[in-house]
Amino acid sequence: MIQTRRGLLLIAALTLALALIVMFPARVAYQWVALDGVDASGIQGTAWRGRAAALSVSGVYLADVRWRLRPLYLLTGKMRYHLQGSPVSGFVESDLGIGIGGGVTLSNLAASLPLNLFAKTLNVTGLQGEASLRFDRIRLRDGLPTVAEGTVTVNNLVAPRLSREPIGGYQAEFFTKDDGVSATVEDTDGVIDLAGSLQIKADRSYQFLGKVIANPSAPASLLRQLEYLGSADDRGQRELRLEGTL
C-alpha cells in the first residue's frame with residue numbers, strides 16, 4: 001500500500017510538472033531565463049511550443065522564430081528544443097539545449113545566412129556574401145563559441161579589405177581545441193588561392209592567419225589591394241592577418 005501511494009504521488013507530481021511546462025507562458029519563461037546577448041520581442045505561446053516575432057543573438061537578427069520542446073529529453077533532466085528561424089534571406093534550423101548556468105548548445109544545425117548579418121559582430125565593415133552552415137554541435141557561453149564541430153561554406157564573398165568585388169567561394173572546417181575554437185580555411189572557387197587558420201580564444205579575441213595569391217582571373221583592383229599586404233614570398237604568396245574581438 002505504501003509503495004502504491006508513493007507511486008501515485010510520483011505520477012501526480014510528474015503530471016503536474018508536465019502540465020506547468022505545457023501551459024507556462026513563453027514570455028514569462030523568457031524573463032526568467034533571459035541570456036546575455038539574447039533579445040526577443042513579440043513572444044507568443046508557451047514554453048512547450050511558441051514563437052517570437054524577432055530574435056537577436058549576439059547581434060545576429062532572426063524573424064519568425066518558432067520552437068517546440070522535445071519532451072523525451074525531460075527524462076534526462078535536460079531542456080531541449082527544436083528551433084526554426086528566418087533571417088532576412090535563408091533559414092536556420094537546429095536543436096537547442098539550455099544548460100544550468102546559461103550555457104547554450106546547438107546541435108544538428110543547418111542554416112543559410114547572408115554574411116552581412118555578421119559584419120558588426122566580426123567588425124568587418126561591408127562584409128557580404130552567402131554562408132551555408134552545417135554543424136554537429138556548437139556550444140555558446142555569453143555568446144562566445146567554446147565548442148564547434150562543423151563546416152561553413154561561403155559563396156560570392158565580398159571582403160572590402162581585399163576587394164569591393166566578389167572574390168568567390170571559401171570553406172572553413174571548425175574543431176575544438178584546449179585553448180578555444182579553431183578552423184582551417186581554404187578557397188573552393190575563389191579568385192584568390194587561400195590557405196589559412198582561424199582561432200577564437202576564451203578572452204573573445206580572434207585571429208586569422210593565411211597565405212594568399214591571386215589567380216589569373218583576379219580583377220586589377222584586387223591585385224593592387226594585395227600589394228598592401230606586403231612583399232610576396234618566393235612562391236608569390238602574401239600573408240593575410242585579421243584580428244579583432246567578438
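The values are calculated or read from the model by the stated rules, or taken from the named source; none is laboratory data. Since this is a predicted model, take the numbers as computed values, not measurements. When we count neighbours, we look across all protein chains shown, and the Cβ atoms used for this are built from the backbone with ideal geometry, even at glycine.
Remarks
- Considering residues of region 153-172 that are within 13 Å of Val212 (Cα to Cα) and of a type in the set (A, V, I, L, M, F, W, C) only, the residue modelled with the lowest pLDDT: Leu162
- Residue that is nearest to Leu117 (Cα to Cα), among those in region 139-165 that are in contact (Cβ under 8 Å) with a residue 60 or more places away in the chain and not in a strand (DSSP E or B): Gly143
- The single condition among (1) surrounded by fewer than 16 Cβ atoms within 10 Å (Cβ to Cβ); (2) of a type in the set (A, V, I, L, M, F, W, C); (3) modelled with pLDDT of 85 or more that Ile98 does not satisfy is (3).
- Sole residue being among the aromatic types (Phe, Trp, Tyr) and within 16 Å of Ser132 (Cα to Cα), chosen from Phe174, Phe208: Phe174
- Search result, residues across region 232-246 that are more than 13 Å from Ile213 (Cβ to Cβ) and either among the aliphatic types (A, V, I, L, M) or in a loop (DSSP other than H, G, I, E, B) (or both): Leu242, Leu246
- If the condition is being hydrophobic (A, V, I, L, M, F, W, C), touching a Pro at 6+ places or on another chain (Cβ under 7 Å) and surrounded by fewer than 19 Cβ atoms within 10 Å (Cβ to Cβ), then region 155-204 contributes only Val158.
Results for (1) of a type in the set (Val, Ile, Thr); (2) touching a residue at least 24 places away in the same chain (Cβ under 8 Å); (3) surrounded by fewer than 13 Cβ atoms within 10 Å (Cβ to Cβ); (4) closer than 19 Å to Thr121 by Cα, shown as yes or no for each residue.
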{"residue": "Gly210", "(1), (2), (3), (4)": "no, yes, no, no"}
{"residue": "Ala214", "(1), (2), (3), (4)": "no, no, no, no"}
{"residue": "Ala220", "(1), (2), (3), (4)": "no, no, yes, no"}
{"residue": "Glu227", "(1), (2), (3), (4)": "no, no, yes, no"}
{"residue": "Gly236", "(1), (2), (3), (4)": "no, no, yes, no"}
{"residue": "Glu239", "(1), (2), (3), (4)": "no, yes, no, no"}
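- Scanning region 194-204 for residues that are assigned to a strand (DSSP E or B) and under 16 Å from the mean Cα position of the chain (by Cα) gives Leu198, Gln199, Ile200, Lys201.
- Of all positions in region 213-236, none carries a residue that is touching a Phe, Trp or Tyr at 6+ places or on another chain (Cβ under 7 Å), at negative phi and modelled with pLDDT of 85 or more.
- Scope region 180-197; condition of a type in the set (Val, Ile, Thr), farther than 24 Å from Arg139 by Cβ and out of contact with any helix residue (DSSP H, G or I) (no Cβ under 9 Å at 6 or more places or on another chain); matching residues: Thr188
- Residues (in a helix (DSSP H, G or I) and among the polar types (S, T, N, Q)) located in region 221-231: Ser221, Gln225
- Residue pairs meeting the criteria (Cβ under 6 Å; at least 6 apart or on separate chains; first on the phi > 0 side of the Ramachandran plot and assigned to a strand (DSSP E or B), in region 170-193; second charged (D, E, K, R) and surrounded by fewer than 17 Cβ atoms within 10 Å (Cβ to Cβ)): Gly180/Lys201
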